[in-house]
Structure formats: C-alpha cells, structure tokens
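One structure is given below, encoded as structure tokens.
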Amino acid sequence: MNVPHTAISLTDFGGRPDSGEDAAGAMRRALEETARIAGPVVLTCERGRYDFYPEHATKAKYYISNTASEDENPDVTKTIGILLQGLRNVTLEGNGSLFVFHGKQTMIVVDGCEEVSIRNLRLDFEQPTVAEMTVTGIGDGFLDAAVHRDSRYEAENGTLTWVGEGWRFRDGPMQEYDPQSNTTWRIDNAVAAAARIEELGPGRLRLFFDAGLMPSTAIGRVLQARDGIRDQVGALVINSRKVEWSDMGVHFMHGLGLVCQSSEDVSFERMELAPRTETGRTVAAFADCIHVSGCRGLIRVADSRFAGAHDDVINVHGTYLRVAGQPLADEVLLRFMHPQSYGFPAFFPGDCIEFVRSGSLASYADAVVIKASMVEPRVMRIKLDRNVPEELRGDDVVENVTWTPEVEIVNNRMARIPTRGVLVTTRRRALIEGNRFERMAMSAVMVAGDARSWYESGKVDNLTIRGNTFIECGGADNAVISISPENTEPAEKSYVHAHIVIEGNRFEMRDAPLLEASSTEHLKFADNLIVLPGKFQEAGAAIRLTACDEVSVTHNRYISANSK
C-alpha cells in the first residue's frame, strides 16, 4: 500500500551521481530540509555512485561500546559521512546506488530518530583499512605475495608499511583466507614476523623469514592485515527506535561494524555484508558485522548473507558495571570495567536493575533507578527507589534489566568467519532459526556472560536454536554450540542460564565437541541430525555438561558422513 509522503531528491541539493564530487554537503543539506518537513518523508537518490570524503564530513563525539580504550584512541570524535539526527518517519531510498567512503569514516549514524528506514543502498570504501595480499610462491625461507590493487604500501629498508587515505600502519592482527575451503582464521602477522621484505615489482613482494618463523601457508591463500584500532564504526544506531535497514549491500566497514546502542526495535532484512564481487576483495568487516549493546524491544536479523568478517557475525549483550562506592544509603557508584567500553549512559530513570555477584553471576536484589548521571566517562552515579542492599560487596556488578531485547536471527547465511557466528545474552525471548553456519573457526552459537573479562551481561532464560545447519564449525576447544558463562563459583540452587532448546538442527561435524554447557538448567537437545566424520567414534563424547540440571537429550540421530 502506498502511503502519502513528501519526496525529496538528493539531486535538488547538489548531489550528482557518478561525478566523483564529494556528496557529503549535498546529503547534509537534504537531511536538514527533511528535518523541517512533517513526515512521512522519502529522501531519494538518483541511481549511481556517490563519493563521501572525510574533509566535509560531520565530526561528533560518540562513546560506543566495545570499540577502543582511552589509550588506543583518546579522541572519541567520529567522522560521520551521513548523519540522521532527530528525524521522525523518514526513509532514505537509495534506488540501488553505491555510496563510496574515503579515509576512515563512520558511514551512517542514526541518532535520536524514530521510524527511520534505510533501504536499497550499497556501501563501500574506496580503499579498505584491511590490506590484502595473495600468496603466489613459497620457497626456502621466503614467500612471494601479490598485493591487492586496493591495498597500498611503502616498502623501505626491508620493512613494509600499509598506507591509505589519511592512515598508515605496520603491525596488527592478521587473518588467512583459504578460497578452496572458503574458511578464514586468525594467524600471527607474517609481515611483522618477516626478517626482511623486498619489492619484486609493483604490487609484488617477497617476505624472508628466519629459521622457525616461516608461516605455514599455501599458494592461493589470502593474508589480511589491519591495525586493530576501532576508532570508528561501520554505522551507529543510538538513542533511536523503530529503525529498519533493508535490501542493502555493506561491502566494507572500518571499525566495529553496524552498532546498535541504547535503541529499541531495530531490524536488518535482506542484507548482504560481503565484498563486492567485482572488487576481488575477501574482507567486508574490520571486526564484527552487527553488534548490539544495551538495546530493548525487538532486534531482528533476517534473510541476510554475511561473509568475510574479522570478528563475530552478530553479538547481542548488555554491560555489567562494577560497584565503585556508595555515597548515600540509596545511591551507588558504578564503574565501566573493560578498557574498550565506557562513557555512554548505561542507566536511565525508570530502569529496573539487578545486583549480581561477580563470581556466581547470580542476582540477589533489585531496584528501580530514580536518577542517573555520568560522574566521569568511566563512572556513573545512580539513585534508587530503595536503599542499596546491605549485603553489597565491592566486586558486585549491576545489570540494566529494562534494556534487554528480544532477538530473532532467522534465515541467514554466515561464512568466512574467524570467530563466532552468533553470541547472545538476553533474558528475553531469543530465536535462532533456519540459519546456515559454514566453518566458523570457533563456536557457531555462543551463550556466555561474564563479570570479569568483557563484562557482557546477562543471563539467558528463553532461547530456541531450531532448524539450523552447522557445517564443520568449532574446534578442539570450541564446541559448535557453547553455553559457557564465565562464573567462577557456583550459586546455591541457582544457575546462570536456563530454558534453552536446541532442536531440529543438522550438524555436519569435524573434530569439535557438539555441545558444551555449564551452569545451565532446563536444557533440551532433541530431534537433531548429527553427521559424524569417519574417525569420530564416540558420539557421547561430543556433549559435555558441567553443573547442569534438568537436561534432556532425546531422539537425536547420528550417522556417518560416509553413509549413503
């Protein structure tokens, strides 16, 4: 049904497709006009390529979860290609256009918006901040590599520096991609390990290695390098509600990925987070693909394809803050603990909270927030509707129970991932259904929660994993499905996670445990088909349970991969 709306064209504000000109100013003027019109408004782009340069991008400070510490990135100012701020009932219609970003940018920020839709767009970078080179030859103590045409470097005095539009780096994380198995995994940085690097010709390098430091690789594999500092994100949805992303290609993101923070009801439908085929690249994401922190309502990811990330595909969690003091009987100071998460409001007036033991991850008291304020970027002060519990300990943590979302992750395909497919820790209904996980190097699905490392909250109490296909995921230390809260002590008559159903899935196994679970009750593993490799002799060894109760493992079928 066509809804009456006001149409605005980017062309009317100076945005010319395929011109090579900076479209940032035209987009800003068009959005300013959009903000003056009562919705619904559709801002349309004539189909073509639009370039966005950092020189005329918006600069604004944003503290974003899981990005960078003060030491890694002291200035939290983001360079924003497209800023949608304070808009209501607005659609950004790309008509299949390609937006190409230059330098280091956060491509899109949706801040303080309601009922915003971004659709029919393709997003990419002129020069990704992940450099790529393909192994073309291997000799005695050296390997040859061809550098991708979109990766640039400086070779001088036997060393190599990757350079781009306003950035440069030498060391950092590296991954290896095998196109034959369509698999990616993390490795030591071969460039940093090389004793000497020579340029054989334009885009052709020879890396020499001392004895014992030669990497184990093969001709045709791709080495991917980055600096590891998440100073930007791919896109950010913050303090917004009812935001829809649909029918989009996201072909590279610098930084953490598509981040949702302190927002409500966000959906991603028919997305392709993968390199554009015509570029010949193998990397689409500098880190995670979709990262959700401290949200509520429904988070939905559906009918999408993910390939070529440098971290997890989807991570949904909250943030535990540790008790740092008690100024008054009804007030408590709370501290952000992980170096890469701080500075953003984690509590708001009216929020329900729980006090949690950091060792057992068991909650023992609740309250409602009356006032909340930032004392400093790492400390919040909250006033409660009652006195702080008398049994409060100095290492206890607090979870925001209100800002926990429902989650639907359905009918997606994930491949070329070096870590996990889906991480989810939310107490509300979560569904992982109909997805295809291909050769995740770690667990395909992980349910964690901890108050000692990442401080990613909280408990799971209604999770269904149904009708998925898991192809050769996991490893010796990573089960295909891992329910592994990081509690260090048991809680009497209490479990961290509960009510998890794993049913009707197909597992094509390699040398990895099928399921591991700890501190979980009411766990059901039923009606699954497990295809075992020939050397996988004891199916029972594939399931590992620790401190679990009310577990049901029934009606599962085990067959050999060699059987017809």
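Can you confirm whether segment 460-467 contains a residue that is among the hydroxyl-bearing types (Ser, Thr, Tyr), at pLDDT 95 or above, outside any strand (DSSP E or B) and assigned by TED's automatic domain parsing to the domain that holds Leu529? Looking through segment 460-467, none of the residues is among the hydroxyl-bearing types (Ser, Thr, Tyr), at pLDDT 95 or above, outside any strand (DSSP E or B) and assigned by TED's automatic domain parsing to the domain that holds Leu529.
Among the conditions (1) under 16 Å from the mean Cα position of the chain (by Cα); (2) among the hydroxyl-bearing types (Ser, Thr, Tyr); (3) in a loop (DSSP other than H, G, I, E, B), Ser267 misses just one, which is (3). Only one of the listed residues (Arg427, Arg416, Arg506, Arg436) is within 22 Å of Phe268 (Cα to Cα), touching a Gly at 6+ places or on another chain (Cβ under 9 Å) and surrounded by fewer than 23 Cβ atoms within 10 Å (Cβ to Cβ). That residue is Arg427.
Working only within segment 4-18, note down all residues that are in a loop (DSSP other than H, G, I, E, B) and in contact with a strand residue (DSSP E or B) (Cβ under 8 Å, 6 or more places away or on another chain). Before you say what the answer is, go through the steps one by one.
So in segment 4-18, the residues in a loop (DSSP other than H, G, I, E, B) come out as 4-5, 14-18.
Those that are in a loop (DSSP other than H, G, I, E, B) and in contact with a strand residue (DSSP E or B) (Cβ under 8 Å, 6 or more places away or on another chain): His5, Gly15, Pro17, Asp18.
Considering (1) modelled with pLDDT of 95 or more; (2) among the small types (Gly, Ala, Ser); (3) over 23 Å from the mean Cα position of the chain (by Cα), the lone condition that Ala479 does not fulfil carries the number (3).
Would you please name the residue that is nearest to the chain's Cα centre (by Cα), looking only at residues in segment 202-213 that are in a loop (DSSP other than H, G, I, E, B) and at pLDDT 95 or above? Per the stated criteria, the residue is Gly203.
Can you pull out every residue in segment 91-131 that is hydroxyl-bearing (Ser, Thr, Tyr) and in a strand (DSSP E or B)?
Residues of segment 91-131 hydroxyl-bearing (Ser, Thr, Tyr): 91, 97, 106, 117, 129.
Thr91, Ser97, Thr106, Ser117 - these are the residues of segment 91-131 that are hydroxyl-bearing (Ser, Thr, Tyr) and in a strand (DSSP E or B).
Residue count for segment 40-51 under the criterion of being under 30 Å from the mean Cα position of the chain (by Cα), assigned to a loop (DSSP other than H, G, I, E, B) and farther than 12 Å from Phe13 by Cβ: the result is 2.
If the condition is being surrounded by 14 or more Cβ atoms within 10 Å (Cβ to Cβ) and polar (S, T, N, Q), then segment 191-217 contributes only Thr217. Screening Thr77, Thr136 for residues that are among the polar types (S, T, N, Q) and in the same structural domain as Arg305 (by TED's automatic domain parsing) leaves exactly one candidate, Thr77.
Would you mind finding the one in Val460, Val480, Val447, Val424 that is aliphatic (A, V, I, L, M) and closer than 11 Å to Ile409 by Cα?
Details: Val460 fails: closer than 11 Å to Ile409 by Cα; Val480 fails: closer than 11 Å to Ile409 by Cα; Val447 fails: closer than 11 Å to Ile409 by Cα.
So the residue among Val460, Val480, Val447, Val424 that is aliphatic (A, V, I, L, M) and closer than 11 Å to Ile409 by Cα is Val424.
Restricting the search to strands (runs of 3 or more DSSP E) fully inside segment 325-437 and requiring at least 2 residues that are more than 23 Å from Ile290 (Cβ to Cβ) and either among the charged types (D, E, K, R) or in contact with a helix residue (DSSP H, G or I) (Cβ under 7 Å, 6 or more places away or on another chain) (or both) gives 331-335, 363-376, 379-384. Residues being in the same structural domain as Gly81 (by TED's automatic domain parsing), in contact with a Pro (Cβ under 7 Å, 6 or more places away or on another chain) and more than 18 Å from Val163 (Cα to Cα) are represented in segment 239-257 by at least one member. Is one or more of the residues making up segment 240-252 within 23 Å of His148 (Cα to Cα) and not in a strand (DSSP E or B)? Scanning segment 240-252 turns up at least one residue that is within 23 Å of His148 (Cα to Cα) and not in a strand (DSSP E or B).
Filter segment 548-564 down to the residues that are more than 15 Å from Ile500 (Cα to Cα) and either of a type outside the set (S, T, N, Q) or in contact with a helix residue (DSSP H, G or I) (Cβ under 9 Å, 6 or more places away or on another chain) (or both), then identify the one that is modelled with the lowest pLDDT. First the steps, then the outcome.
Initially, segment 548-564 is screened for residues more than 15 Å from Ile500 (Cα to Cα), giving 555-564.
Within this subset, residues satisfying the condition of being either of a type outside the set (S, T, N, Q) or in contact with a helix residue (DSSP H, G or I) (Cβ under 9 Å, 6 or more places away or on another chain) (or both) are 555-559, 561, 564.
Values: His555: 96, Asn556: 95, Arg557: 94, Tyr558: 91, Ile559: 90, Ala561: 82, Lys564: 49.
Applying the filter and picking the extreme gives Lys564.
One residue alone among Gly172, Gly234, Gly220 is surrounded by fewer than 22 Cβ atoms within 10 Å (Cβ to Cβ), in contact (Cβ under 8 Å) with a residue 12 or more places away in the chain, closer than 30 Å to Thr77 by Cα and not β-branched (Val, Ile, Thr), and that residue is Gly172.
Here is a yes/no grid of residues against (1) over 28 Å from Gly166 (Cβ atoms); (2) without any contact (Cβ under 8 Å) to a residue 60 or more places away in the chain; (3) in a loop (DSSP other than H, G, I, E, B):
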position: Gly20; (1), (2), (3): no, yes, yes
position: Ala26; (1), (2), (3): no, yes, no
position: Glu32; (1), (2), (3): no, yes, no
position: Ala38; (1), (2), (3): yes, yes, yes
position: Ile64; (1), (2), (3): no, no, yes
position: Lys78; (1), (2), (3): no, no, no
position: Leu84; (1), (2), (3): no, yes, no
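Whether any residue in segment 155-165 is exposed (fewer than 14 other Cβ atoms within 10 Å of the Cβ), in contact with a Phe, Trp or Tyr (Cβ under 9 Å, 6 or more places away or on another chain) and part of a strand (DSSP E or B) is what I want to check. For segment 155-165, residues exposed (fewer than 14 other Cβ atoms within 10 Å of the Cβ), in contact with a Phe, Trp or Tyr (Cβ under 9 Å, 6 or more places away or on another chain) and part of a strand (DSSP E or B): absent.
The values are calculated or read from the model by the stated rules, or taken from the named source; none is laboratory data. Just so it is clear, the model here is predicted, and its values are computed rather than measured. Positions of Cβ are backbone-derived with ideal geometry, glycine not excepted, and every protein chain shown enters the neighbour counts.
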